1. Just the number please: accessible area per residue for the range B:90-243, 1.4 Å probe, all protein chains included, in Å².
2. Please give me the summed charge of the neighbours of B:Lys187: other residues whose Cβ is under 15 Å from its Cβ, Lys and Arg +1, Asp and Glu -1.
3. Hey, what's the Kirkwood Rh for chain A if you take every pair of different alpha carbons, in angstrom?
4. So which residues of the range A:8-56 lose at least 20 Å² of accessible area, probe 1.4 Å, when you go from the chain by itself to every protein chain present?
5. How about the range B:149-243: which chymotrypsin sites (Phe, Trp or Tyr not before Pro) there are in a DSSP loop, with at most 12 other Cβ atoms within 10 Å of their Cβ?
6. Under a cut-off of 12 Å between alpha-carbon atoms, report the aspartates and glutamates in cross-link reach of A:Lys222, not counting same-chain residues fewer than 8 places apart.
7. So, for chain A, what is the accessible surface per residue at a probe of 1.4 Å, expressed in square angstrom?
8. In the neighborhood of B:Asn84, defined by Cβ-to-Cβ distances under 10 Å, what is the net charge if each Lys or Arg adds +1 and each Asp or Glu adds -1?
Amino acid sequence: MHRIVSTHSLSKRYGNVYAVNEVNLTVYEGDVYGFLGPNGAGKSTTLKMLLGLVQPTGGKAIILGKEFYKNRRVILGQTGALIESPSYYGHLTGIENMRVMQRLRNVADKNIGEALKIVRLEDQKDKKVAQYSLGMKQRLGIAMALLAFPKLLILDEPTNGLDPSGIGEIRELIKALPHKYGITVLLSSHLLSEIEQIATSVGIINDGKLLFQGSMEQLQSKSQPHIFIKTQDNKVAERLLIGRGFSPVINGKYLTFQGLQDVEVAQTNRMLVNAGIDVIRLEKRKKNLESIFLELTGRERSLS
Amino acid sequence: MLQRCISAEWLKLRHSHIWIILMVLPVFSILIGGANYCFNQSVLTNGWYSLWTQVSLFYGEFFLPVLIAICCAYVCRLEHMNKNWNALMTAPISPWCVFLSKLFIVGVLILTVQIFFLTLYLCAGRLVGLPQQFPAETFGWIFRGWVASVTVSAVQLGLSIRIRSFAVPIGISICAVFIGLGMYVAKVGMLFPYSLLTIGMGVLSQESLTSIEKTLFYMMNIIFIVLVCVISIRHLKKADVIA
């Protein structure tokens with residue numbers, strides 16, 4: 001698959017503190033890449049470095065196959081972005097804001113109508129943006145980012161401040177972008193549930209470090225059920241089971257197994273009982289994504 | 001690319017009330033200067049030249065620099081507000097276009113103001129009963145005043161891009177005008193943009209500049225404009241965008 005974004009040890013240091021620390025991000029063509037992390041984890045800073053808004057103190061970013069800092073204008077011409085909260089000129093109407101962007105990006109007039117239609121703002125386009133609701137401003141921001149129908153769309157917390165119906169609408173819109181317009185999407189969020197519903201690939205960042213990167217399935221496979229067995233003597237049980245080709249891990253008072261089939265669970269139980277080791281508990285536990293996320297990012301920090 | 005940027009800048013001025021300030025400040029200068037002229041006609045006996053000393057003093061030494069500072073602060077305030085730097089700096093345009101398009105817009109606004117001021121001056125002169133024939137130097141003052149205005153605009157734009165506050169760069173410009181007056185009096189006015197405004201507008205001395213002085217005047221303006229542009233564009237290129 002084609003890499004749309006790849007960063008190599010991308011870092012940003014403020015004084016002695018790394019806001020982003022050696023991040024290697026890879027976004028493939030056609031992905032909806034969810035960039036997940038608590039507030040202040042370095043999501044926005046990373047995205048800003050991909051757009052040249054922040055100068056990295058180390059590493060490099062390759063976007064659309066080209067080194068960013070040597071090809072800034074070409075890359076920006078094929079990239080749309082909505083960073084932090086939406087940018088807008090409040091004294092201008094929606095359509096005038098779009099026209100400003102259209103001139104800066106040198107795209108056809110018809111794109112304006114099309115982009116406004118996608119975010120369903122056609123009816124409000126003649127209203128001054130200062131009078132827009134936050135949700136409408138956000139949608140206008142997305143329309144401006146879509147204006148050039150770029151190859152790469154970077155959205156920073158795109159559903160921030162939207163009401164539930166607005167969130168649903170934007171979610172459907174983002175999901176449709178790759179196959180409908182061939183746009184690869186890189187979006188950030190501090191909400192796991194959000195990323196879970198939109199993204200095909202995930203990167204999890206905390207304290208400036210990328211802790212996990214992979215497909216949504218890979219992340220979900222981490223939540224495969226584990227079998228927990230408590231026996232009278234875990235040490236002996238472990239040795240016995242390892243000898244029979246299982247791979248138990250001692251986890252506190254339990255032996256845990258990953259990816260065990262029902263048949264194998266019954267087999268294990270039988271072996272232990274036959275060997276004279278009493279089985280006290282036999283449990284199936286499923287970790288949800290939330291707990292995986294918390295484990296990765298450290299429990300002490302809240303999600304929102 | 002520059003053309004596109006300029007046309008985008010024009011669009012941003014729509015529905016804006018900056019016109020009111022652009023028109024009101026020259027009127028003030030003429031009213032105050034004109035009144036001064038009328039009440040002191042016993043000493044001010046040099047007709048059009050005397051009227052010029054009065055109106056241009058208020059205009060060139062106070063209202064025009066403030067006006068330039070306001071214009072520059074205004075075109076930057078549009079970007080400082082509502083995270084617009086993010087959108088502007090992620091558009092496929094180079095930083096020099098961002099700076100030059102703003103300088104161009106301010107330059108055009110100030111040119112309009114200069115022409116408006118000239119018209120007001122001529123009307124005021126006729127009103128106070130001066131002869132039809134006005135000094136041809138006036139055009140030179142207006143034009144050179146505009147050239148120096150562009151220089152001052154470049155400096156103010158550089159300040160306003162860095163300073164998020166609207167008022168601080170305007171305050172700086174007022175201070176700079178006083179420093180400029182001091183430097184003008186000390187005969188080193190050619191070395192300071194704000195004194196170039198005094199020299200160009202013929203505020204304190206209506207004697208024609210010699211051709212050497214003129215050449216020096218234009219050269220200094222060009223040097224200052226290029227210098228300030230280079231510094232500001234470098235800043236736009238290198239510094240992190242804070243929206």
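The values are calculated or read from the model by the stated rules, or taken from the named source; none is laboratory data. It should be emphasised that the depicted structure is a prediction, and the values quoted were computed from it without experimental measurement. Glycine also receives a Cβ, built like all others from the backbone with ideal geometry; neighbour counts cover every protein chain displayed. When the accessible area is computed, the model is the full protein with side chains, heavy atoms only, and any ligands, DNA or RNA have been set aside. Shrake-Rupley method; radii C 1.70, N 1.55, O 1.52, S 1.80 Å.
1. Per residue, the range B:90-243 has 45 Å² of solvent-accessible surface.
2. Charge balance near B:Lys187 sits at -2.
3. 21.7 Å
4. Hits at the 20 Å² cut-off: A:Leu53, A:Gln55.
5. none
6. Reachable aspartates and glutamates: A:Glu290, A:Glu295.
7. With the other protein chains kept in place, chain A gives 46 Å² per residue.
8. Working: positive: B:Lys12, B:Arg77, B:Lys83; negative: B:Glu79.
It works out to a net charge of +2.
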